[in-house]
Ligand code: GLP
């Protein structure tokens, strides 16, 4: 795994955006895997600033996950997050951007449909990832099978707690989500994981130095041939 050390959050975000822009420029068509949470927000802002020099018509995007039960127009849904923070500012067409529907009547079926859609689009060229404090990637919590494809997960209390800051009330955080599986993520041709702040220090140390185990989902990345980790000094301070 290649590690790029950034000074701080801003530097991490700019380095990540440059790398994404470089990848888009390099390929005649590109499928980008996108992440949500606080970590990639700065990267999206930097990407919007660089948008003039990036041929966005080449882009198809697939997000990692969505909360179960939240419709796209819900302000805490990842549909809403992506629309607000990236898709509208970049003026990406609805046919270019994809997320699983958390409000589907049959969530199981929706997970299968989403997985097939990713495969039919040729798979992910560059997958952007954050990391949960407990090592989750997407919403693949500790104990998730390394063979998993897009599926429904029950969120750990610690994950609901960590994400409660985005909701008015802690009780509003959904208990379930639909997420790309570990196998889906691992089939991406390139993976870029971002981490910032002391809150992520332990997870980053584990990711780089821990043993590969389903108890710490991100550790699977040690087996991937092309991973770039962009982390700031605070996140790297335990390594
Ligand atoms: C959520 C998302 C993950 C994200 C993680 C870390 O649970 N499903 O994709 O990486 O949180 O979030 P943050 O970047 O806010 O720390």
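The values are calculated or read from the model by the stated rules, or taken from the named source; none is laboratory data. Computed from a predicted model, the values in this text were never measured in an experiment. Heads up, the Cβs are rebuilt from the backbone with ideal geometry, glycines too, and the neighbour counts pull from every protein chain shown.
Is one or more of the residues making up segment 125-135 in a loop (DSSP other than H, G, I, E, B), away from the ligand (no atom under 12 Å from the Cβ), under 24 Å from residue 29 (Cα atoms) and more than 12 Å from the chain's Cα centre (by Cα)? Show your work before the answer.
Pass one, segment 125-135, residues in a loop (DSSP other than H, G, I, E, B): 125, 130-135.
With the extra rule that they be away from the ligand (no atom under 12 Å from the Cβ), the set shrinks to 125.
Checking the rest, the ones that are also under 24 Å from residue 29 (Cα atoms) come to 125.
Filter again for more than 12 Å from the chain's Cα centre (by Cα), leaving 125.
The answer is yes; a qualifying residue exists.
Criterion applied to 228, 179, 150 was being buried (at least 19 other Cβ atoms within 10 Å of the Cβ), in contact with a strand residue (DSSP E or B) (Cβ under 6 Å, 6 or more places away or on another chain) and under 15 Å from residue 124 (Cβ atoms), and the one residue passing it is 179.
Picking from residues in segment 192-219 that are farther than 27 Å from residue 125 by Cβ and free of Cβ contacts under 8 Å to residues at least 60 places away in the same chain, the one that is surrounded by the fewest Cβ atoms within 10 Å (Cβ to Cβ) is 211. Taken over segment 141-153, the criterion of being within 19 Å of residue 102 (Cα to Cα) and either away from the ligand (no atom under 13 Å from the Cβ) or in a helix (DSSP H, G or I) (or both) is satisfied by 148, 149, 150, 151, 152.
For segment 206-219, enumerate the residues that are within 16 Å of the ligand (Cβ to nearest atom) and assigned to a helix (DSSP H, G or I).
As a first pass, look at segment 206-219 and keep what is within 16 Å of the ligand (Cβ to nearest atom): 206-207, 216-219.
Within segment 206-219, 206, 207, 217, 218, 219 meet the criteria.
Hey, could you check segment 180-197 for residues that are in a helix (DSSP H, G or I) and more than 12 Å from the ligand (Cβ to nearest atom) and say which is farthest from the chain's Cα centre (by Cα)? This residue is 183. For the criterion of being surrounded by fewer than 14 Cβ atoms within 10 Å (Cβ to Cβ) and modelled with pLDDT under 95, residue 122 fails.
Quick check on segment 154-169: of everything there that is over 17 Å from the mean Cα position of the chain (by Cα) and in a loop (DSSP other than H, G, I, E, B), which residue is nearest to residue 107 (Cα to Cα)?
First pass over segment 154-169, keeping only residues over 17 Å from the mean Cα position of the chain (by Cα): 154, 156-158, 161, 164-165, 167-169.
Filter again for in a loop (DSSP other than H, G, I, E, B), leaving 156, 167-169.
Working: 156: 19, 167: 23, 168: 25, 169: 25 Å.
Filtering first and then ranking leaves 156.
Hey, any hits in segment 49-56 for a residue that's out of contact with any helix residue (DSSP H, G or I) (no Cβ under 8 Å at 6 or more places or on another chain), touching a residue at least 24 places away in the same chain (Cβ under 8 Å) and either crowded, with 16+ Cβ neighbours inside 10 Å or in a helix (DSSP H, G or I) (or both)? There is no residue in segment 49-56 that is out of contact with any helix residue (DSSP H, G or I) (no Cβ under 8 Å at 6 or more places or on another chain), touching a residue at least 24 places away in the same chain (Cβ under 8 Å) and either crowded, with 16+ Cβ neighbours inside 10 Å or in a helix (DSSP H, G or I) (or both). Against the list (1) touching a helix residue (DSSP H, G or I) at 6+ places or on another chain (Cβ under 7 Å); (2) in contact (Cβ under 8 Å) with a residue 40 or more places away in the chain, the condition residue 189 fails is (1).
Under the condition of being within 18 Å of the chain's Cα centre (by Cα), under 30 Å from residue 49 (Cβ atoms), away from the ligand (no atom under 16 Å from the Cβ) and part of a helix (DSSP H, G or I), the residues counted in segment 68-116 number 2.
In segment 18-48, the qualifying residues are those that are under 16 Å from the mean Cα position of the chain (by Cα) and part of a loop (DSSP other than H, G, I, E, B), and the one that is surrounded by the most Cβ atoms within 10 Å (Cβ to Cβ) is 36.
Considering only segment 154-173, how many residues are under 16 Å from residue 39 (Cα atoms) and near the ligand (Cβ under 9 Å from one of its atoms)?
First, the residues of segment 154-173 that are under 16 Å from residue 39 (Cα atoms): 159, 162-166.
Cutting the leftovers down to near the ligand (Cβ under 9 Å from one of its atoms) gives us 159, 162-163, 165-166.
Within segment 154-173, residues that are under 16 Å from residue 39 (Cα atoms) and near the ligand (Cβ under 9 Å from one of its atoms) number 5.
Answer with yes or no whether residue 222 is closer than 27 Å to residue 20 by Cα and either surrounded by 18 or more Cβ atoms within 10 Å (Cβ to Cβ) or within 13 Å of the ligand (Cβ to nearest atom) (or both).
Working: closer than 27 Å to residue 20 by Cα: yes; either surrounded by 18 or more Cβ atoms within 10 Å (Cβ to Cβ) or within 13 Å of the ligand (Cβ to nearest atom) (or both): no.
It is false that residue 222 is closer than 27 Å to residue 20 by Cα and either surrounded by 18 or more Cβ atoms within 10 Å (Cβ to Cβ) or within 13 Å of the ligand (Cβ to nearest atom) (or both).
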